[in-house]
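To start, the structure under review is shown below, and the notes come after it.
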Amino acid sequence: MPICIECRYPVSSLYTTYSKADDRTLGKGVRLTQCPRCKRFADKYVEHDFVVLFIDLVLIKPQVYRHLLFNRLGRDDDSFDPSIFRLGVLLLLFDVYLTWARIEKATSPSGSSNSLSPPLPLPLPSPATNFSSNATASGNSSLLGVSDSSPSPISTFLTTQPILIQYLFFLILCTLETVAFHLPIRTLLSLRLPRPLSYIFPHYPRPAVISTALLVSSFTKLFPLLLLIWSYDLPSSASAVSWAVIVNNVVALEILLDCGVPRAAVLAAVGAVCRAGVGWGILRAAGVGGGVAAAGVVETGDLLDWWKRIACYIGF
């Protein structure tokens, strides 16, 4: 059932259509429903296009999250909207690029001209990650900073694999990290926990809506598209994207559950810790964990350290 995006009051419909021939997106033949509680339009975004929605998402307006989660993408049968699958795949591919590029940049020897960059349409801004014909000629197909003059801290098993194998490795890594982030949050919210824990983890038995909220709030992972226009320092840009994703995840959970920012932050922290553990374990098993941890550029490691500080601050 749709709700008013201003006060969350349930309404029977968001608009009334007077003419089937007119276009609803142009506001013709359509009258928006007035909320009986707050006397404002129940959902003004019915008449707005995607550009306005994207701008308000960047501004973190609660109304646009309520519009997307309750009135547009949410379904009564707790199933995913088809557009969420497309968004999830797109975010996963961008996550693969960011993770691969940050690890490659962190583990490549300084001053080396033989390191390669991930074969994705987003070029790395640093000259150290340009393609090198000398490295190709010498049979070095590694994208992780292997140099003839300086050994790489990454295991030789991964660096000697073809590009496709390396891409599949990072694809599996990011997929498992995403699952490890969503699954604990969905599980905690679907269980009826005893009294002390129920104050921290509210009961919300709609896992599809929870994943939808987390995916929609992770839209800032698409910002590396700007690297096609402007040249930025990749680690700094990826860290900024990670901070934006953190803030939006907490806001989306707070708006969806109406539980307050501290409880939403704890939920996001649980997911971030699980994601960090899975990512660290996979990288460690592949021999990548040591060099990357020393550089401190893996997104999951940054999130884990940040959430530890948040937990100490709020008293958990």
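The values are calculated or read from the model by the stated rules, or taken from the named source; none is laboratory data. Quantities reported herein were computed from a predicted structural model and do not represent experimental measurements. Heads up, the Cβs are rebuilt from the backbone with ideal geometry, glycines too, and the neighbour counts pull from every protein chain shown.
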- Task: Identify all residues within the stretch 95-108 that are of a type in the set (A, V, I, L, M, F, W, C) and at pLDDT 85 or above; write none if there are none.
- Result: VAL96
- Long-range neighbours under 8 Å by Cβ, at least six apart or interchain, first residue under 27 Å from ALA265 (Cα atoms) within the stretch 161-188, second buried (at least 21 other Cβ atoms within 10 Å of the Cβ) and of a type in the set (Lys, Arg): GLU177/ARG275; THR178/ARG275; ALA180/ARG275; PHE181/ARG275
- Please go through the stretch 168-205 and pick out each residue that is polar (S, T, N, Q) and under 21 Å from the mean Cα position of the chain (by Cα). THR175, THR178, THR187
- Task: Determine, yes or no, whether SER236 is among the small types (Gly, Ala, Ser), out of contact with any helix residue (DSSP H, G or I) (no Cβ under 9 Å at 6 or more places or on another chain) and at pLDDT below 85.
- Result: yes
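Rundown of residues vs (1) at pLDDT 90 or above; (2) touching a helix residue (DSSP H, G or I) at 6+ places or on another chain (Cβ under 7 Å); (3) surrounded by fewer than 19 Cβ atoms within 10 Å (Cβ to Cβ), yes/no style:
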{"site": "ARG40", "(1), (2), (3)": "yes, no, yes"}
{"site": "ASP43", "(1), (2), (3)": "yes, yes, no"}
{"site": "ILE55", "(1), (2), (3)": "yes, no, yes"}
{"site": "VAL58", "(1), (2), (3)": "no, no, yes"}
{"site": "LYS61", "(1), (2), (3)": "yes, no, yes"}
{"site": "PHE70", "(1), (2), (3)": "yes, no, no"}
{"site": "SER79", "(1), (2), (3)": "no, yes, yes"}
- Message: Just checking, does the stretch 209-219 include any residue being under 23 Å from ILE60 (Cβ atoms) and at pLDDT below 90?
- Response: yes
- Any helices (runs of 4 or more DSSP H) falling wholly within the stretch 134-203 and containing at least 1 residues that are of a type in the set (D, E, K, R) and either closer than 18 Å to LEU93 by Cα or modelled with pLDDT of 50 or more (or both): 163-190, 195-198
